[in-house]
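What follows is a set of notes on a single structure, which appears directly below.
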Amino acid sequence: MRGAPTILHLDMDAFYASAEQAAKPSLRGKPVIVGGLGPRGVVATASYEARVFGVHSAMAMAQARRLCPNAAFLTPRFTLYRQVSDAVMALLHTLSPLVEPLSLDEAFVDLEAGGTEPTAEAARAVGERLRNDIRAVTGLTGSVGLAGSKMLAKIASEQAKPDGLVLIEPGTERDLLGPMPVRTLPGVGPATAEALRRAGIHTVAETREAGEAELVRLLGRAHGASLFLMSNGRDERPVVAERDAKSISVEDTFDVDLTDRTRVQLEIARLADRCVRRLREAGRSGRTVVIKVRRYDFSTLTRSETLRGPTDDPGVVREAAARLIEGVDTTAGVRLLGVGVSGLADYTQEDLFAQAAQAAQAAQAAEAARAARGAQAAQGARAAHEALEDVRRTPGPATPEHVAAGAGEASEGAGKPRRWLPGSDVRHAEYGAGWVQGSGVGRVTVRFEEPWSEPGRVRTFAVDDPALEPTEPLPLLRPEEAAGRGGGGGPARVGGLEEVAGREGTVDLERDVGPGEVAGPERDVGPEEVAGQGGDVGPDRVGGPGEAVGRGGGVGSERAVGPGEVAGWEGTVDLERAVGPG
């Protein structure tokens, strides 16, 4: 516990939604909800205009639609969010070498390690300068908390929201924490809170008054002792600059529970390949393969297999995952599947057994090819191929179209997406840059505007119009303006993003929220909690009556949609909640 408020916590305000409003002039000042739009979708974040209706992160999207039907419902665009995040993190690294990112929009900074004078005045000056710099470079706003510990700095940033700065003076910690609910303290989740509630403990002051011995009796020695210290405002956790990833994983939730065994095996193989791609992009290998299966009744099973050495071979990971899924009964229905690799290393150990197995498979494939020259074998091969294609073309929402890091800009392995996702970036040969407002029944509705333009016109095209192509997000400030911008600026503009590279994150299969955090009204769900936990695309559908462009203040259209212009928000990304379409 420090005697000066030199630990800073930054939390961007409604990050995803604010970035979307900055990128889309027609949405500024209007309710925007970002997340999964399918029947099992979850809100990643909501703009402050939507929060007044009671919408918050981690809420089921179906409930959000009921609370705020006229909002703009958009799929996440992580390419843009990572660019903005990199610009913000670069600013933090100018303050100190000790920066601990928690997610794309949140980080701790040790100002003392960066040479800031250990006084409240110096820390406050740094915090205010940081807020101004973030606004100048990105056009977005962030809330800053300053305190002598990480716990208190985070509490301060929550109190500062939105777009504020709160400094907790040393010596005032106990009085500040006393009336707060016990869930405010780090490490107090629903189970711990319930155990304390049964003992009559509801606030931080009551936790402190219970005493260390009573807390140890209720929660165990390690947890009880730690909780007692935090209730007294003491948190000795240091700011850690590097967080070494413990695992890399991917997982998908399906609109309709999978019951077909062949389909489950195909999905596991596909997830294993996606996981290995992420593993190689991170330059890592892993020794333990893990699968995750969430059944129709929300019961979750994990199975793991440890290899002889670390590998990044897709065949090895695929075979291990296939062996693991064989031991799991999936006949009653599966709503989520995941594949991960843990025990990460920076080198790869060749697996001789895997090489031998691959050689055997190659020999078998050659033999099968020779046998297929016979008429009977050819007929059987055609039948098998047709059966596999039937599985892959299974109609209905159980067929996912997976969202990669760009979250909906293009489907895997396709030059043009089969479905146009609401909020995704497009370019038309005649009308220029725009973004998708909705699609369905063979039509896609696009609003043509740029971050620095006035709200644009809406036009409707056939989904296979050759003049319409997906594209990358535009910078949120004109390049020539970004070079000369020196401070100030409103929340509608972002600049200098074209110079920063993308970032990659990881997610642990065993948790559903960010590092050590619980998704709440003021916190954006991280990217791997969106695309990783069900980055799937549901079926095309026509927007409902409350989802048409131009209704209320939802999308800001200046005109009614014509008879041939479908403007509903398409059911697309499927996240981690089970909710009905209503």
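When residue 36 is evaluated against the numbered criteria (1) over 18 Å from the mean Cα position of the chain (by Cα); (2) farther than 26 Å from residue 456 by Cβ; (3) open to solvent by less than 10 Å² (accessible area, probe 1.4 Å), which criterion, by number, is the only one it fails?
So residue 36 meets the others, but not (1).
Would you check which residues across the range 1-24 are open to solvent by 10 Å² or more (accessible area, probe 1.4 Å) and either outside any loop (DSSP other than H, G, I, E, B) or at pLDDT 95 or above (or both) and list them?
Once the filter is applied, which keeps residues that are open to solvent by 10 Å² or more (accessible area, probe 1.4 Å) and either outside any loop (DSSP other than H, G, I, E, B) or at pLDDT 95 or above (or both), the range 1-24 yields 18, 21, 23.
Condition first: of a type outside the set (Lys, Arg), assigned to a strand (DSSP E or B) and open to solvent by 50 Å² or more (accessible area, probe 1.4 Å). Now tell me which residues in the range 293-304 satisfy that. Show your work before the answer.
Just the residues of the range 293-304 that are of a type outside the set (Lys, Arg), to begin with: 293, 296-302, 304.
Remaining after also requiring assigned to a strand (DSSP E or B): 293, 300-302, 304.
Correct list: 300, 302, 304.
Residue by residue through the range 183-224, note down the ones that are outside any helix (DSSP H, G or I), free of Cβ contacts under 8 Å to residues at least 40 places away in the same chain and not β-branched (Val, Ile, Thr). Outline the logic, then answer.
Going through the range 183-224, the residues outside any helix (DSSP H, G or I) turn out to be 185-189, 199-203, 211, 220.
With the extra rule that they be free of Cβ contacts under 8 Å to residues at least 40 places away in the same chain, the set shrinks to 188, 199-203, 211, 220.
Scanning the range 183-224 gives 199, 200, 202, 211, 220.
Give 115, 127 a once-over and let me know the one that is closer than 30 Å to residue 170 by Cα and open to solvent by 40 Å² or more (accessible area, probe 1.4 Å). Break it down stepwise before answering.
Details: 127 fails: open to solvent by 40 Å² or more (accessible area, probe 1.4 Å).
That would be 115, the only listed residue that is closer than 30 Å to residue 170 by Cα and open to solvent by 40 Å² or more (accessible area, probe 1.4 Å).
Taking the range 461-477 as the search range and keeping residues that are part of a strand (DSSP E or B) and open to solvent by 30 Å² or more (accessible area, probe 1.4 Å), which one is nearest to residue 84 (Cα to Cα)?
So, considering only residues that are part of a strand (DSSP E or B) and open to solvent by 30 Å² or more (accessible area, probe 1.4 Å), the one nearest to residue 84 (Cα to Cα) is 470.
Taking into account only those residues within the range 207-228 that are crowded, with 16+ Cβ neighbours inside 10 Å and hydrophobic (A, V, I, L, M, F, W, C), which is farthest from the chain's Cα centre (by Cα)?
Restricting to residues being crowded, with 16+ Cβ neighbours inside 10 Å and hydrophobic (A, V, I, L, M, F, W, C), the top hit is 210.
Which one is farthest from residue 15 (Cα to Cα), of the residues in the range 132-185 that are out of contact with any strand residue (DSSP E or B) (no Cβ under 8 Å at 6 or more places or on another chain) and small (Gly, Ala, Ser)?
Here the residue is 171.
Across the range 53-94, what is the number of residues that are within 27 Å of residue 132 (Cβ to Cβ) and not acidic (Asp, Glu)?
Step one: of the range 53-94, the residues within 27 Å of residue 132 (Cβ to Cβ) are 57, 77-94.
Filter again for not acidic (Asp, Glu), leaving 57, 77-85, 87-94.
The qualifying residues number 18.
Restricting to the range 435-478, name every residue that is of a type in the set (A, V, I, L, M, F, W, C), within 28 Å of the chain's Cα centre (by Cα) and closer than 16 Å to residue 24 by Cβ.
Taking the range 435-478 and keeping what is of a type in the set (A, V, I, L, M, F, W, C), we get 435-436, 441, 444, 446, 448, 452, 458, 461-463, 467-468, 474, 476-477.
Applying the additional criterion that residues be within 28 Å of the chain's Cα centre (by Cα) yields 435-436, 444, 446, 448, 452, 463, 468, 474, 476-477.
Listed by number, the residues that qualify are 435, 436, 446, 448, 452, 474, 476, 477.
Does residue 31 fit the bill of being closer than 27 Å to residue 336 by Cβ and open to solvent by 10 Å² or more (accessible area, probe 1.4 Å)?
Details: closer than 27 Å to residue 336 by Cβ: no; open to solvent by 10 Å² or more (accessible area, probe 1.4 Å): yes.
So residue 31 fails the test.
Please list, ordered by first then second residue, the pairs with beta carbon atoms under 6 Å, 6 or more apart or interchain, first in the range 227-249 and closer than 19 Å to residue 187 by Cα, second buried (at least 20 other Cβ atoms within 10 Å of the Cβ) and aromatic (Phe, Trp, Tyr).
Correct list of pairs: 239/108.
When residues of the range 157-168 are filtered for being touching a residue at least 40 places away in the same chain (Cβ under 8 Å) and either open to solvent by less than 10 Å² (accessible area, probe 1.4 Å) or outside any helix (DSSP H, G or I) (or both), how many remain?
As a first pass, look at the range 157-168 and keep what is touching a residue at least 40 places away in the same chain (Cβ under 8 Å): 157-158, 161-163, 165, 167-168.
Narrowing further to those that are either open to solvent by less than 10 Å² (accessible area, probe 1.4 Å) or outside any helix (DSSP H, G or I) (or both): 157, 161-163, 165, 167-168.
The qualifying residues number 7.
Only one of these conditions is not met by residue 79: (1) in contact with an Asp or Glu (Cβ under 7 Å, 6 or more places away or on another chain); (2) β-branched (Val, Ile, Thr); (3) crowded, with 24+ Cβ neighbours inside 10 Å. Which number is it?
Unmet condition: (3).
Tell me yes or no: at least one residue of the range 338-359 is of a type in the set (A, V, I, L, M, F, W, C), modelled with pLDDT of 95 or more, touching a Leu at 6+ places or on another chain (Cβ under 8 Å) and outside any helix (DSSP H, G or I).
First, pick out the residues of the range 338-359 that are of a type in the set (A, V, I, L, M, F, W, C): 339, 341, 344-345, 352-354, 356-357, 359.
Add one more test, that the residue is modelled with pLDDT of 95 or more, and what stays is 339, 341.
With the extra rule that they be touching a Leu at 6+ places or on another chain (Cβ under 8 Å), the set shrinks to 339, 341.
Now narrow it down to the ones that are outside any helix (DSSP H, G or I): 339, 341.
Yes, that holds for at least one residue.
Tell me yes or no: at least one residue of the range 99-112 is among the charged types (D, E, K, R) and more than 21 Å from the chain's Cα centre (by Cα). Steps first, answer last, please.
Step one: of the range 99-112, the residues among the charged types (D, E, K, R) are 100, 105-106, 110, 112.
Still in the list and also more than 21 Å from the chain's Cα centre (by Cα): 110, 112.
Checking the range 99-112: at least one residue is among the charged types (D, E, K, R) and more than 21 Å from the chain's Cα centre (by Cα).
Does residue 66 count as surrounded by fewer than 24 Cβ atoms within 10 Å (Cβ to Cβ) and either under 25 Å from residue 160 (Cβ atoms) or of a type in the set (Asp, Glu) (or both)?
So residue 66 does not fit the description; no.
Part of a strand (DSSP E or B) and surrounded by fewer than 24 Cβ atoms within 10 Å (Cβ to Cβ): which single residue out of 49, 100 fits that description? Explain how you work it out, then say what you get.
Details: 49 fails: part of a strand (DSSP E or B).
The unique qualifying residue is 100.
May I ask you to say which residue of 55, 42, 109 is buried (at least 24 other Cβ atoms within 10 Å of the Cβ), in contact with a Leu (Cβ under 6 Å, 6 or more places away or on another chain) and without any contact (Cβ under 8 Å) to a residue 40 or more places away in the chain?
On the way: 42 fails: without any contact (Cβ under 8 Å) to a residue 40 or more places away in the chain; 109 fails: without any contact (Cβ under 8 Å) to a residue 40 or more places away in the chain.
One residue alone meets the criteria, 55.
Each row is one residue, and each column tells you yes or no for (1) touching a helix residue (DSSP H, G or I) at 6+ places or on another chain (Cβ under 6 Å); (2) in contact (Cβ under 8 Å) with a residue 24 or more places away in the chain; (3) open to solvent by less than 10 Å² (accessible area, probe 1.4 Å).
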| position | (1), (2), (3) |
| --- | --- |
| 131 | no, yes, no |
| 140 | yes, yes, yes |
| 155 | no, yes, no |
| 170 | no, yes, no |
| 181 | no, no, no |
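Restricted to the range 64-79, and to residues that are modelled with pLDDT of 95 or more and part of a helix (DSSP H, G or I), which residue is farthest from residue 47 (Cα to Cα)?
So, considering only residues that are modelled with pLDDT of 95 or more and part of a helix (DSSP H, G or I), the one farthest from residue 47 (Cα to Cα) is 66.
So which residues in the range 231-252 are open to solvent by less than 20 Å² (accessible area, probe 1.4 Å) and either touching a helix residue (DSSP H, G or I) at 6+ places or on another chain (Cβ under 8 Å) or more than 21 Å from residue 100 (Cα to Cα) (or both)? Walk me through how you get there before you give the answer.
Kept after step one, since they are open to solvent by less than 20 Å² (accessible area, probe 1.4 Å), are these residues of the range 231-252: 231, 233, 235, 239, 247-252.
Selection gives 231, 233, 235, 239, 248, 249, 250, 251, 252.
The values are calculated or read from the model by the stated rules, or taken from the named source; none is laboratory data. The model shown is predicted, which means the values in this text are computed figures rather than measured ones. Cβ atoms come from the backbone with ideal geometry, glycine included; neighbour counts cover every protein chain shown. Just so you know, the surface numbers come from the protein's heavy atoms only, side chains and all, with ligands and any DNA or RNA stripped out. Shrake-Rupley method; radii C 1.70, N 1.55, O 1.52, S 1.80 Å.
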